Amino acid sequence: MAIEEGEAPLRTLWVEEPVGRYRLPDPVRGSAVRAVLIVSVTLIQAVTAFLSTVAGSWLAFPMVLSSVASTVVATWAVLDVWITRQVWNQRHGVTSSPSSTARRLRKERRAARRAARRQEHDHDAERIPATNRTTRLSPQP
């Protein structure tokens, strides 16, 4: 099946595009999935509690209590994602390299500090008179 002259080439069904961000590390992804499931169950419980309360059902009070408990658990699950991510980054070291601009600015600041120190040292050298090294503090016998 050759493409003849004048025909448009066939489009492929799947095109690989580079991803802008890397995939989450496994422990972080696991805690994120867990948090999403817990938060979704909590939201379902909250809606059920609200609808039970509006309907005047006997189920309203137990659902409100379980919704409050689930909210505490969901908060912890979301914090767990954040903590797990921070721990993973700390243990596995996110490598970052300073940009050339940052490196240049640091180099300029270092040079300015050296020049200031050199100038201060020269100023101190002018103030303190040079001593005669042959002179001794205590007379020799």
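The values are calculated or read from the model by the stated rules, or taken from the named source; none is laboratory data. Model, not experiment: these values are computed from the prediction. For the accessible areas, the whole protein counts, side chains as well, though only heavy atoms, and no ligand, DNA or RNA atoms are used. Shrake-Rupley method; radii C 1.70, N 1.55, O 1.52, S 1.80 Å.
To the nearest 10 square angstrom, what accessible area does residue 38 show with a 1.4 Å probe?
Its heavy atoms expose roughly 50 Å² to the probe.
Sort 43, 13 by heavy-atom solvent-accessible area, probe 1.4 angstrom, most to least. Walk me through the intermediate numbers first.
Values: 43 110, 13 175 Å².
Putting 43, 13 in descending order of accessible area: 13, 43.
Taking all protein chains together and a probe of 1.4 Å, list 29, 110, 11 from the most accessible to the least accessible.
Reading off the accessible areas and sorting them downward yields 11, 110, 29.
Heavy atoms of the protein only, probe of 1.4 Å, neighbouring chains included. What is the accessible area of residue 57 in Å², nearest 10?
About 50 Å², ignoring ligands and nucleic acids.
On the full set of protein chains, 1.4 Å probe, figure out the accessible area of residue 28 and give it in Å² to the nearest 10.
Taking all protein chains as shown, residue 28 has close to 0 Å².
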